[in-house]
1. Please count how many residues of the range 82-113 are touching a strand residue (DSSP E or B) at 6+ places or on another chain (Cβ under 7 Å) and surrounded by 14 or more Cβ atoms within 10 Å (Cβ to Cβ).
2. Going by what's in this entry, would residue 216 be described as at pLDDT 95 or above, within 19 Å of residue 300 (Cβ to Cβ) and assigned to a strand (DSSP E or B)?
3. Out of the range 225-243, which residues are in a strand (DSSP E or B) and touching a His at 6+ places or on another chain (Cβ under 7 Å)?
4. What's the total number of residues in the range 58-88 that are more than 18 Å from the chain's Cα centre (by Cα), in a loop (DSSP other than H, G, I, E, B) and touching a residue at least 24 places away in the same chain (Cβ under 8 Å)?
5. Answer yes or no: is there a residue in the range 98-110 that is closer than 17 Å to residue 42 by Cβ, in contact with a Cys (Cβ under 6 Å, 6 or more places away or on another chain) and part of a loop (DSSP other than H, G, I, E, B).
6. Only one of these conditions is not met by residue 133: (1) farther than 26 Å from residue 219 by Cβ; (2) surrounded by 23 or more Cβ atoms within 10 Å (Cβ to Cβ); (3) not hydroxyl-bearing (Ser, Thr, Tyr). Which number is it?
7. Working only within the range 32-57, note down all residues that are surrounded by 17 or more Cβ atoms within 10 Å (Cβ to Cβ), without any contact (Cβ under 8 Å) to a residue 40 or more places away in the chain and closer than 22 Å to residue 274 by Cα.
8. Does any residue of the range 178-199 turn out to be among the acidic types (Asp, Glu), more than 22 Å from residue 249 (Cα to Cα) and not in a strand (DSSP E or B)?
Amino acid sequence: MTDMPATTPGGTNEREPVQPIPWVEVPIQVLATGFGFLEAPSFDRRGVLYFSEVRAGRVHRLDVRPPGTAPALFHQVASDWCNGTAFHRDGRLFLCDVGAGAIWSLSPDGKATVFADRCTQDGARLRGPNDLVFGRDGRLYFTDPRDSSLEQPIGAVYRATPDGAVERLAGGFAFPNGLALTPDEHALIVAETRTRRLYRFEIRADGSVGPRELFCQLPEDGGGPDGMALAADGSLYVCHIGAGCIDVVSPDGRVTRRIPTGGDRPSNCAFHGAALYATVTQADAGAIHRLDVGVPGHRLFGEGDSTAE
């Protein structure tokens with residue numbers, strides 16, 4: 001467990017004048033609706049979108065290219081409670097099973113194999129993985145927040161090797177949620193929902209991970225940061241659940257603008273082309289929204305980044 005940081009975003013203890021953050025509207029298209037609470041959009045190499053219907057335990061897929069294409073069921077978990085997804089470069093989809101406290105590896109035909117369900121260091125079972133991201137070396141970073149809160153900060157961040165060995169990188173979180181690697185993969189950014197904070201962990205040349213540092217404090221409205229996606233310019237597009245927007249965070253940890261998402265509970269997002277695809281819930285209706293943000297995303301491991309060869 002690491003200590004709480006003393007510095008403010010930008011690495012200084014000095015207080016700066018608070019400037020209003022602009023809200024910038026972009027064109028929004030609703031691609032699919034009629035679900036429960038949605039999460040975890042990920043694209044395969046063919047441009048097909050996969051996403052999870054959390055409390056139904058379902059993973060759906062949707063080809064976003066032909067107009068009016070209907071989503072199809074891809075996988076159902078027995079626990080009826082799933083969340084984060086991430087593609088491996090070999091075509092497997094890795095899925096967080098919250099109810100079972102496990103991460104599954106799903107083959108292209110939907111066959112499931114348990115990848116990880118406990119910490120290798122001490123044998124402790126995972127509580128309920130939430131979100132995950134691959135590094136270019138094939139190691140998988142994921143958050144495990146189930147039952148954590150401000151009063152009970154028992155959430156943790158883990159890293160797994162390609163063979164499924166799991167190490168705990170840090171604990172003591174009040175609901176660790178979305179996460180992303182910086183473009184050079186020299187740092188891991190982790191969202192802590194209950195405090196509305198993003199934390200930064202240095203990833204050293206030898207693979208060791210430094211202590212957590214406060215990277216960004218998000219605005220105080222809404223419920224806090226959820227899932228996030230990395231743009232090619234290094235900016236993070238962070239879903240601010242309950243605030244109805246995506247907070248755009250610069251590489252130096254400043255919120256530069258806020259993009260309305262067309263629903264009050266945006267939970268996660270993924271880039272494809274120059275658009276951002278977000279899982280958004282309004283009242284009890286979950287939907288897939290395309291936001292034409294006009295910037296491309298950073299190429300992920302599952303999209304076949306040539307630097308990972």
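1. Of the range 82-113, the ones touching a strand residue (DSSP E or B) at 6+ places or on another chain (Cβ under 7 Å) are 82-88, 92-98, 101-106, 110, 112-113.
Retained after the next criterion (residues that are surrounded by 14 or more Cβ atoms within 10 Å (Cβ to Cβ)): 82-88, 92-98, 101-106, 112.
Residues that pass the stated criteria total 21.
2. Values: at pLDDT 95 or above: yes; within 19 Å of residue 300 (Cβ to Cβ): no; assigned to a strand (DSSP E or B): yes.
The answer is no for residue 216.
3. If we filter the range 225-243 for residues that are in a strand (DSSP E or B), which is where we start, we get 225-231, 236-241.
Correct list: 225, 230, 231.
4. Within the range 58-88, residues that are more than 18 Å from the chain's Cα centre (by Cα), in a loop (DSSP other than H, G, I, E, B) and touching a residue at least 24 places away in the same chain (Cβ under 8 Å) number 5.
5. The answer is no; no qualifying residue exists.
6. So residue 133 meets the others, but not (1).
7. 48
8. So the first thing to find is which residues in the range 178-199 are among the acidic types (Asp, Glu), and the list is 184-185, 192.
Among the residues that remain, those that are also more than 22 Å from residue 249 (Cα to Cα) are: none.
For the range 178-199, residues among the acidic types (Asp, Glu), more than 22 Å from residue 249 (Cα to Cα) and not in a strand (DSSP E or B): absent.
The values are calculated or read from the model by the stated rules, or taken from the named source; none is laboratory data. From a predicted model like this one, the values you see are computed outputs, not experimental measurements. Positions of Cβ are generated from backbone atoms using ideal geometry, with glycine treated the same way; all protein chains shown enter the neighbour counts.
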